[in-house]
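What follows is one structure encoded as structure tokens, with my remarks underneath.
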Amino acid sequence: MVVNSLAERYRADFPILDQKVNGFPLVYLDNAASTQHPNCVIDEIARYYREDHANVHRGIHALSSRSTKLYEDARARAARFLGAASADSIIFTRGTTEGINLVATSWGTAHLGPGDVILITEMEHHANLIPWQIAARRTGASLQYLAVHGDEGTIDWSDLERLLSQNRVRLLAFTHISNSLGCINPVRAICATARRHGVTTLVDAAQSAGHAPINVQELDCDFLVFSGHKCCGPTGIGILYGNPAVLDDMQPYQFGGEMISRVTYESADWKPGPHRFEAGTPHIAGAIGLNVAMDYLETIGRPAIQANDHHLGEVAYERLSRLPGIRILGPRRERAGLISFQLGATHAHDLVAYADQFGIALRGGHHCNQPLMRKLGLQATARASFYFYNTESEIDRLVEVLEAAIKYFGA
Ligand code: 7TS
């Protein structure tokens with residue numbers, strides 16, 4: 001079966017997973033916050049620093065040439081990973097958050113004005129919400145939301161057609177996979193609807209780039225963002241894909257070294273392509289590590305990872321739903337490999353601290369979805385999130401510990 005065979009084949013690549021926490025074998029179920037690193041990524045970063053490090057794009061000496069080649073190879077790899085036609089559509093960022101801020105600032109300032117609407121959903125992570133609040137405030141545009149219904153977190157996508165017809169929507173920004181609900185949004189259909197209305201689209205792929213095949217040309221989105229650390233890569237590095245037609249008339253986000261073609265005391269001209277969005281020394285080792293991480297994921301195959309996620313998500317739903325007093329967010333079927341829940345009256349933080357005593361790493365909190373939690377009448381949930389190295393027996397272990405927690409807290 002897909003599930004255990006992926007973990008059986010690949011788990012040993014992750015040295016961090018082979019340890020005890022509080023005397024118990026570590027059960028790492030916080031992958032939606034950050035995934036772990038296989039040896040190949042850790043080794044390549046160390047190798048790069050040992051053998052090839054120098055600053056990129058400046059020197060003509062050997063180390064700088066090697067470093068530049070590795071950095072630009074990573075850009076080309078990211079283009080293939082996303083199905084982009086050209087490496088020029090790939091901008092290195094610090095992560096999803098910076099990618100969205102870049103678009104909200106550079107694209108937003110130039111294309112938004114009074115009377116325009118920015119449309120997002122009620123399930124967006126703060127990273128895909130606050131930059132639009134600020135862009136709206138700066139430009140006089142307004143921010144509207146596609147409503148989320150019930151604990152399942154369903155969006156009635158027929159609302160989209162109506163909202164796009166009735167308003168001057170300029171931008172639609174939405175998440176592919178919700179980090180709290182675990183629902184999977186129909187990106188391709190959404191982008192096609194937006195395209196028919198001439199609306200620019202941004203896809204937040206933070207929770208999906210490492211979990212599902214992505215082809216930006218097939219999705220026909222204008223922007224897509226993700227973070228390296230959620231797909232086996234380093235922290236501090238991420239990707240912003242931009243449709244070349246849209247990127248070409250965008251102004252830089254930050255200014256300084258590396259992004260210019262000519263500077264005088266009075267003014268400056270920018271480099272063409274992605275480089276004008278990458279001011280200063282970039283996270284070179286991060287890009288190189290991410291290149292290896294993307295290769296690694298492609299070797300496993302994202303369709304296999306996706307099938308594995310669905311399976312673990314559904315298994316977790318079935319097994320957790322039998323616990324007395326549990327409230328689970330998100331759909332029962334067709335869900336991503338993450339599950340958020342509230343157990344009786346026990347606060348999520350207490351539950352997470354309890355699970356940690358038994359070596360289980362969960363996340364508790366609002367998951368940077370405060371408005372959504374408020375709408376659902378929750379302060380916080382506990383969340384278990386899986387990756388291909390997790391097993392069904394780890395879900396059983398989670399259920400056992402939650403059963404003990406129910407007795408302990410009298411939930
Ligand atoms: N968008 C979504 C859907 C996310 O899940 C996250 C991070 C971000 C954006 C921001 O990513 P960053 O790498 O720039 O921080 N989500 C989570 C989470 O669910 N728990 O910790 C971080």
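Exactly one residue out of Y48, Y10 is in the same structural domain as F388 (by TED's automatic domain parsing), open to solvent by less than 30 Å² (accessible area, probe 1.4 Å) and assigned to a helix (DSSP H, G or I): that is Y10. Of all residues in the range 159-203, those that are part of a loop (DSSP other than H, G, I, E, B), over 20 Å from the mean Cα position of the chain (by Cα) and of a type in the set (G, A, S) total 1. In the set A78, A110, only one residue is within 16 Å of the ligand (Cβ to nearest atom), closer than 30 Å to Q133 by Cβ and among the hydrophobic types (A, V, I, L, M, F, W, C); that residue is A78. Residue-level analysis places D88 among those that are among the acidic types (D, E), crowded, with 17+ Cβ neighbours inside 10 Å, under 30 Å from T299 (Cβ atoms) and in contact (Cβ under 8 Å) with a residue 40 or more places away in the chain.
For the range 203-233, which residues satisfy the criterion of being away from the ligand (no atom under 11 Å from the Cβ) and in contact (Cβ under 8 Å) with a residue 60 or more places away in the chain?
Pass one, the range 203-233, residues away from the ligand (no atom under 11 Å from the Cβ): 210-224, 232.
Answer for the range 203-233, where residues must be away from the ligand (no atom under 11 Å from the Cβ) and in contact (Cβ under 8 Å) with a residue 60 or more places away in the chain: G210, H211, A212, P213, I214, N215, V216, Q217, E218, F223, L224, C232.
When the range 121-139 is filtered for residues that are buried (at least 22 other Cβ atoms within 10 Å of the Cβ), more than 11 Å from the ligand (Cβ to nearest atom) and among the aliphatic types (A, V, I, L, M), only A135 remains. The residues on offer are A46, A32, and the sole one that is within 16 Å of the ligand (Cβ to nearest atom) and out of contact with any helix residue (DSSP H, G or I) (no Cβ under 7 Å at 6 or more places or on another chain) is A32.
Checked against the criterion of being of a type in the set (D, E) and open to solvent by less than 40 Å² (accessible area, probe 1.4 Å), the candidates D309, D350, D356, D396 yield just one match: D309.
Scanning the range 13-35 for residues that are polar (S, T, N, Q), touching a residue at least 12 places away in the same chain (Cβ under 8 Å) and surrounded by fewer than 20 Cβ atoms within 10 Å (Cβ to Cβ) yields N22, S34.
Per-residue answers, yes or no, for (1) buried (at least 20 other Cβ atoms within 10 Å of the Cβ); (2) among the small types (G, A, S):
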{"residue": "G325", "(1), (2)": "no, yes"}
{"residue": "G330", "(1), (2)": "yes, yes"}
{"residue": "R335", "(1), (2)": "yes, no"}
{"residue": "F388", "(1), (2)": "yes, no"}
{"residue": "E403", "(1), (2)": "no, no"}
{"residue": "I406", "(1), (2)": "no, no"}
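Can you name the residue in the range 66-75 that is of a type in the set (D, E, K, R) and either without any contact (Cβ under 8 Å) to a residue 40 or more places away in the chain or within 15 Å of the ligand (Cβ to nearest atom) (or both) and, of all such residues, is nearest to L129 (Cα to Cα)? Of everything passing the filter in the range 66-75, E72 is nearest to L129 (Cα to Cα).
Note on the range 83-107: residues that are away from the ligand (no atom under 16 Å from the Cβ) and either under 15 Å from L247 (Cβ atoms) or acidic (D, E) (or both) total 9.
Against the definition (away from the ligand (no atom under 16 Å from the Cβ), farther than 30 Å from I120 by Cα and either open to solvent by less than 10 Å² (accessible area, probe 1.4 Å) or in the same structural domain as G23 (by TED's automatic domain parsing) (or both)), how does A361 come out, yes or no? Judged against the criteria, A361 is not a match.
So which residues in the range 168-186 are buried (at least 17 other Cβ atoms within 10 Å of the Cβ) and more than 13 Å from the ligand (Cβ to nearest atom)?
Passing the criteria: V169, R170, L171, L172.
The values are calculated or read from the model by the stated rules, or taken from the named source; none is laboratory data. Computed from a prediction, not measured in an experiment: that's the story for all the values here. Cβ coordinates were reconstructed from backbone atoms using ideal geometry, including for glycine residues, and neighbour counts include every protein chain displayed. The protein model used for the area step is the full one, side chains on, heavy atoms only, and it has no ligands, DNA or RNA in it. Shrake-Rupley method; radii C 1.70, N 1.55, O 1.52, S 1.80 Å.
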